[in-house]
Each structure stands twice: as C-alpha cells, then as structure tokens.
Ligand SMILES: [Cu+2]
C-alpha cells in the first residue's frame, strides 16, 4: 500500500471510530430525574404539557410541552397525574415515565397497583 493510501485508510478508520464513539456517548449522557404534574395531554403531538419542578442543570421550574419516549403512555395518563421521568442533557424528551395517579381519583382496574415492569 502506498504511503498516501495508508494515511487515507487510517483517517477513515479514525472517522469510523469517532462515529461509533459518538453513538455510544448518547447512552452515557448525564441524566436527571424529572418530577411534574400533567396539565394537558397532546396525543397527536406525542407530548405532555407538564408543570415541572426545577431540575438543576436541565430545566427550571415551569410548565411546558415535553415529547415522551413512549406515546402509548399518553392513553393512560390523566390530567392531574404526577409523573417521574428520566431526562438527559441536551434532550427535552421525557424517558421512562412513571405515573402516580392524582390523589382522589380511582385508579383504573381494581386499584391493586402492580408494577408495570
Ligand atoms: Cu422549559
């Protein structure tokens, strides 16, 4: 292999390695726990309007729309429910949402709360 071709191969390998590395860092991004109260459910948009508590380093306390990672949840959650989610640096999506039904409402089913996972 000529010296030039060899450097090109090394450069291509380095690029590939960098791309793979970048893909891996997404799962290692800093995560935060988000707490909030559901104010509106927007099934078409795949989002929830949540009155969220302050998450230092991620988002101040405010009410805003957040996309959710699992839109099936939008059919189960109700206005007034409290949610806890995992959020990541540079990503405004709510992940792994856990719903605590609003106090005073009867949970669906027999009220025998079982973990869903
Ligand atoms: Cu905000």
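Just so it is clear, none of the values below were taken in a lab; they were calculated from the coordinates. Since we're looking at a predicted model, the values are computed, not measured. Here the Cβ is made from the backbone with ideal geometry for all residues, glycine too, and neighbour counts use every protein chain on show.
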Spin-label proximity, residue 89 to the range 58-73 - amide N less than 15 Å from point 7 Å beyond Cα toward beta carbon: 58-59
With contacts defined as alpha carbon pairs under 8 Å and 6 or more residues apart, what's the relative contact order of the range 29-100 in percent? 36 percent
